[in-house]
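Colleague: Attaching a single structure in structure tokens format; questions to follow.
Quick note: the coordinates plus some simple rules give every number you see, no bench work behind them. Only a predicted model underlies this, so the values are computations on that prediction, with no experimental measurement involved. Methodologically, a virtual Cβ is constructed for each residue, glycine included, from the backbone with ideal geometry; neighbour enumeration extends over all protein chains shown.
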Amino acid sequence: MIYLKDDEFKTITSYIKTHYGVNLTQKRPLIEGRLSNYISDLGFDNYMDYFEYAKNDRVNDEMTMLINKLTTNHTYFFRENEHFEFYKDIVLPWVDKTLKVRDLRVWSAGCSSGQEPYTLSMITQEYLGSAAQEWDSTILASDISNKVLTIAKNGIYSREELSDVPHSWIKKYFRAHDEQRFVVSENLRKNVAYRNFNLLSPFEFKKPFQAIFCRNVMIYFDMPTKNEIINKFYDVLLPGGYFFIGHSESLSACDHKFKYIKPSIYQKGY
């Protein structure tokens, strides 16, 4: 085990918080546990030399690799399914009734390896049915990690990973990749646009969203950062639009203007 020195811990956590918003100031054992063997395998015997290498690596994007190792990218199809039921039963009918221009705008922020945006896209396509071709229904999916974005873009999942997807949907939206894995069909893939995006960056979008999913992401932010990001989400939502966070998260202690709908679901007022 390579142990973090106090100055190394302060330097690394301060940099990550300033540039990525991720608060690891209470996560010293996690940093040591996830990085010790990794940096040793790379040939480093201390964290500062590795950190300087990560900051200066432009070829392999080692800093993104570092962030990815220190945050959890655990996700699966239909995770926290109540949100998807609400999206199908409430959000999509509301959009269908109120929009004059058939332009559905949904953002999966912190999309990880793609299961959330692909789930949203399948539900959307099922709801729209034969009218889908009349809509622009591309889901925006963003993450800070190029590694998970590559996995998402490739869209290859095992049988086990697809266990919660209806069999008829697997036949419709996936094709066999090999004996144990399936790959997302081109038709579904073209309805998800992946983008590397840091939530500390300005939210510069041409049009507002009707729904934003940012689930189990803000647990890494301290309260000032969380307040800043939540209000940026509010500003880029269409009035009446919905904001989804993780079941284990809450906005109760945050400074925001959202209307509470039910646990982990909020709405921007008209």
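Colleague: How large is the charge dipole for the chain, taken about the Cα centre, if only the Cβ atoms of Lys, Arg (+1) and Asp, Glu (-1) carry charge, to the nearest 20 debye?
Modeller: That gives the chain a dipole magnitude of about 840 debye.
Colleague: Between R28 and S168, what FRET efficiency comes out of the Förster formula 1/(1 + (r/R0)^6) with R0 = 51 Å and r the beta carbon distance, rounded to 0.05? It would help to have the intermediate numbers written out before the result.
Modeller: Values: r = 48 Å, r/R0 = 0.94.
Efficiency, from the Cβ-Cβ distance: 0.60.
Colleague: Still on this model: What number comes out for the charge environment of N56, summing +1 per Lys or Arg and -1 per Asp or Glu over other residues with Cβ under 12 Å away?
Modeller: Neighbour charge sum, excluding N56 itself: -3.
Colleague: Which of Y76, M63, H256 sits closest to the plus end of the dipole of the chain, meaning its Cα is farthest towards the positive end, when Lys and Arg get +1 and Asp and Glu get -1 on the C-beta?
Modeller: Towards the positive end, the residue furthest out is H256.
Colleague: So for the stretch 81-267: antiparallel DSSP bridges make up what percent, rounded to the nearest 5?
Modeller: Here the antiparallel bridges make up roughly 40 percent for the stretch 81-267.
Colleague: Here is a further query. Under a crude label model (7 Å from the Cα following the beta-carbon direction), how far is D57 from R195 in nanometres?
Modeller: The answer from the label model is 2.7 nm.
Colleague: Report, in deg cm²/dmol and to the nearest 500, the calculated mean residue ellipticity at 222 nm for the chain, where each DSSP H run with n ≥ 4 adds -39500 (n - 2.57) and the sum is divided by the residue count.
Modeller: -11500 deg cm²/dmol
Colleague: Right, here's the next one. Using Cα pairs closer than 8 Å and at least 6 residues apart in sequence, work out the relative contact order for the stretch 211-260, in percent.
Modeller: Working: 39 pairs, mean separation 28.6, N = 50.
Relative contact order, the stretch 211-260: 57 percent.
Colleague: Would you mind pulling out the separation of the Cα centroids of the stretch 232-270 and the stretch 12-60, in Å?
Modeller: Measuring centre to centre over Cα atoms gives 33 Å.
Colleague: Also, I was wondering about something else. Normalising by the residue count of the chain, find the relative contact order in percent from Cα pairs under 8 Å and 6+ residues apart.
Modeller: The normalised contact order for the chain reaches 17 percent.
Colleague: Give me log10 I(q)/I(0) at q = 0.12, 0.16, 0.18, 0.30 Å⁻¹ for the stretch 6-70, Debye formula, one equal scatterer per alpha-carbon, no solvent.
Modeller: For the stretch 6-70 at q = 0.12, 0.16, 0.18, 0.30 Å⁻¹, log10 I(q)/I(0) is -0.26, -0.47, -0.61, -1.76.
Colleague: If I take R0 = 45 Å and measure r between the Cβ atoms of Y38 and K97 in this structure, what FRET efficiency does the formula 1/(1 + (r/R0)^6) give, to the nearest 0.05?
Modeller: E(calc), rounded to 0.05, equals 0.30.
Colleague: Another question, then. Treating cross-link reach as a plain straight distance, find the aspartates and glutamates whose alpha-carbon is under 17 Å from the alpha-carbon of K171, omitting any fewer than eight places away in the same chain.
Modeller: Within the straight-line cut-off, K171 pairs with E126, E160, E161, E179, E186.
Colleague: Next question. Hey, which aspartates and glutamates would be in cross-link range of K10, C-alpha to C-alpha under 19 Å, not counting anything within fewer than 8 residues on its own chain?
Modeller: Partners within reach: E32, D45, D49, E52, D222.
Colleague: Which aspartates and glutamates, if any, have their Cα less than 15 Å from the Cα of K268, not counting same-chain residues under 8 positions apart?
Modeller: D235, D255
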